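Bear in mind these aren't lab numbers, they're just calculated from the coordinates by the rules spelled out. No experiment lies behind these values; they were computed from the predicted model shown. Cβ atoms come from the backbone with ideal geometry, glycine included; neighbour counts cover every protein chain shown.
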Amino acid sequence: MESRSSSAKPNLIERDRQSIWHPFTQAGMYQEPLLVRAAKGTKLILDDGRDLIDGISSWWCNIHGHGHPALVEAASRQFSTLDHVLFAGCTHEPAITLAEGILAALPKGFSKVFFSDNGSTAVEAAIKLAVQYWSNQGERRNKIIALTDSYHGDTFGAMAAGARGIFSAPFDTMLFEVERVSTQGNADDIRRFEQLCAEKRVAAFIFEPSVQGAGGMIMYDNAVLDQYREICRKHEVLAIADEVMTGFGRTGPLFASSTLTIPPDIICLSKALTSGSLPLALTVCSERVAEAFVSPDHSRTFFHGHTYTANPIACAVANASLALTLSDECSGARMKIEAAHRRCAERLQSHSAIENTRVRGTILAFDVRAGDQTGYISTISRTAGAYFRARGVLLRPLGNVVYFMPPYCVTDSELNQAHTLLEEFVAQVTRQGISSLG
Ligand SMILES: Cc1ncc(COP(=O)(O)O)c(C=O)c1O
């Protein structure tokens, strides 16, 4: 393996540098990417023979571990039967089974599943559905309300709904206007929310329930959503739960919005839907939404679709993944992770270099005290990320927010290794400052 890796690595890394544009990556601040040769369970196996614990579940989506035999089996069986077919005018068993399975797993009240292939497209479809829902009824409602610090993806509609900042600045003049309220839900927020909804120009309120991921693993109480949701109900404003990150048990319950007193009208799912192995997304609607599109009038059709909509292989994998997610073993594993996170969080709290240590479900997060070095481009992200990588755990802090979010199949010893490393990191930063990490 040694000789293979030493000859392959420079070649591949150089070829990568010559031809590939990586996401969220500034080529002018080049950092050699990890060359990943294989992955199994919680481990990413690098070309140089080292392995790393996938501490952020490959961008929050891998819940059952890499190369899970049930998912591999489902994909290969489906590939040899029906690989892909257009989804307008055709259908297939894997998609039908998945739609039925998801509707059964969601809180009552959802009735139709619209397929796409990533989190941003799930959100785009949700926003378009909400606006057209009103248009189909002869009402012009095109305002969206969103939460401060939200993230809903990188396509134009999703970007408009998300918090504005360095990601969106070049496009600001092209993004539709969005009203924002906070997750604190103070009296001013509630008053403004009520006022906006009463104007009858708001199509929908979109939110990430329970945890705002990219905003910095902000954990908040869903009770505030109940307040907003009640106002939505009163003024018939549609509620869109973006569960692209929180879905499938990540925050504790199967769906983070399942604790809302009134369920949302639309829910967006992706990421863990296939346990992060194939691109797939769902925008699931209540009967009220779906009904508004049923008409002999063609102009009321939802004219939206993507080439890989409901790809059969991805659907087959999602069915296998859903069965694993619904098992007692999986909920036991999630509870075990949460309990271990809580014990670790208690130990971390005594260190003065960090603050806001928090746990929700299988997510453990804390903020490195950073003065004005906060925000996505804080150098802490790079320094801390390199520290953890060198010691066997792949983490990708969001600015000064360090978080650990492993696949549910993480073993006790891997959990212990990562928690111990987090404690060592925090102890060193407290003793010697972040600059001591190199
Ligand atoms: C809540 C939320 N919505 C939407 C998205 C966009 O998903 P994708 O990256 O698959 O487009 C993300 C991605 O992190 C997300 O966290």
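Pop out the ³J(HN,Hα) list for the stretch 351-359 in order, Karplus 6.51 cos²θ - 1.76 cosθ + 1.60 with θ = phi - 60°, rounded to Hz; leave Gly and Pro as x.
My calculation for the stretch 351-359 gives 8, 6, 6, 10, 8, 6, 5, 8, 9 Hz in order.
If you wrap the stretch 320-438's Cα atoms in a convex hull and average its projection over all directions, what's the area in nm²?
Working: hull surface 30.4 nm².
Approximately 7.6 nm², given one-decimal rounding.
Over all Cα pairs of the stretch 69-325, how is the pair count split among 5 Å bins, expressed in % and running from 0 up to the last occupied bin?
Answer for the stretch 69-325: a P(r) of 1, 6, 14, 18, 19, 17, 12, 7, 4, 1, 0, 0 percent.
Counting DSSP beta bridges in the chain, what percent are antiparallel, to the nearest 5? Show your work: numbers first, answer last.
On the way: 30 of 47 bridges.
Antiparallel bridges make up about 65 percent of those DSSP assigns within the chain.
Let me check I've understood the local charge: for A158, count other residues with C-beta under 10 angstrom from its C-beta, Lys and Arg +1, Asp and Glu -1. What total comes out? Could the numbers behind the result be given before it?
Numbers: positive: none; negative: E124, D154, D242.
Computed value for this residue: -3.
Can you find, among F207, L147, M405, the residue sitting farthest towards the positive end of the charge dipole of the chain, where Lys and Arg contribute +1 and Asp and Glu -1 at Cβ?
M405
Using Cβ contacts closer than 10 Å as the measure, can you line up K128, K143 from fewest to most?
Working: K128 16, K143 20.
Ordered from fewest to most neighbouring Cβ atoms within 10 Å, K128, K143 come out as K128, K143.
Tell me, what is the FRET efficiency for I190 and N142 to the nearest 0.05, using R0 = 22 angstrom and their Cβ-Cβ distance as r? Show your work: numbers first, answer last.
On the way: r = 23 Å, r/R0 = 1.04.
Between I190 and N142 the formula returns 0.45.
Taking other Cβ within 10 Å of each residue's Cβ, how do L103, L254 sort, fewest first?
Values: L103 15, L254 20.
Arranged by neighbour count, lowest to highest, L103, L254 become L103, L254.
What are the ³J(HN,Hα) couplings of the stretch 30-42, residue after residue, when phi is run through the Karplus curve with 6.51, -1.76, 1.60 and θ = phi - 60°? Round to Hz, x for glycine and proline.
4, 10, 4, x, 6, 8, 9, 8, 7, 8, 8, x, 8
Once the Cβ-Cβ distance between R391 and T91 is put in as r, and R0 is 51 Å, what FRET efficiency do you end up with, to the nearest 0.05? Provide the component values of the computation, followed by the final result.
Working: r = 49 Å, r/R0 = 0.96.
The pair R391/T91 has a calculated efficiency of 0.55.
Sort D47, D83 so that the residue with the fewest other Cβ atoms within 10 Å of its own Cβ comes first and the one with the most comes last. Walk me through the numbers before you get to the answer.
Values: D47 18, D83 10.
So the residues, fewest neighbours to most, are D83, D47.
Which of the three applies to the stretch 49-187, rounded, prolate or oblate, going by the alpha-carbon gyration tensor with a ≥ b ≥ c and a/c under 1.5 meaning rounded? Spell out each step's value before the answer.
Values: a/c = 2.09, a/b = 1.35, b/c = 1.54.
Here the stretch 49-187 falls in the oblate category.
Can you list the aspartates and glutamates whose alpha carbon is less than 14 Å from that of K234, not counting same-chain residues fewer than 8 positions off?
E194, E199, D226, D265
Got a sec to turn the phi values of the stretch 181-192 into Karplus ³J(HN,Hα) couplings, 6.51 cos²θ - 1.76 cosθ + 1.60 with θ = phi - 60°, whole Hz, x for Gly and Pro?
Working through the residues one at a time gives 10, 9, 7, 6, x, 6, 4, 5, 4, 5, 4, 5 Hz.
Where the only charges are on Cβ atoms (+1 Lys, Arg; -1 Asp, Glu), what is the dipole of the stretch 69-325 about its Cα centre, to the nearest 20 debye?
I would put it at about 280 debye.
Using unit Cβ charges (K, R positive; D, E negative) and no other charged atoms, how large, in debye to the nearest 20, is the dipole of the chain about its Cα centre?
Numbers: 41 positive and 46 negative charges, 69 e Å.
Approximately 340 debye in magnitude.
Stretched out fully, how many nm does the piece from E287 to I20 gain, at 0.36 nm a residue minus the Cα gap?
Between E287 and I20, full extension yields 91.7 nm more.
For the chain, what is the convex hull volume of its Cα atoms per residue in Å³? Spell out each step's value before the answer.
Details: hull volume 70.2 nm³, N = 438.
For the chain, the hull spanned by Cα atoms encloses 160 Å³ per residue.
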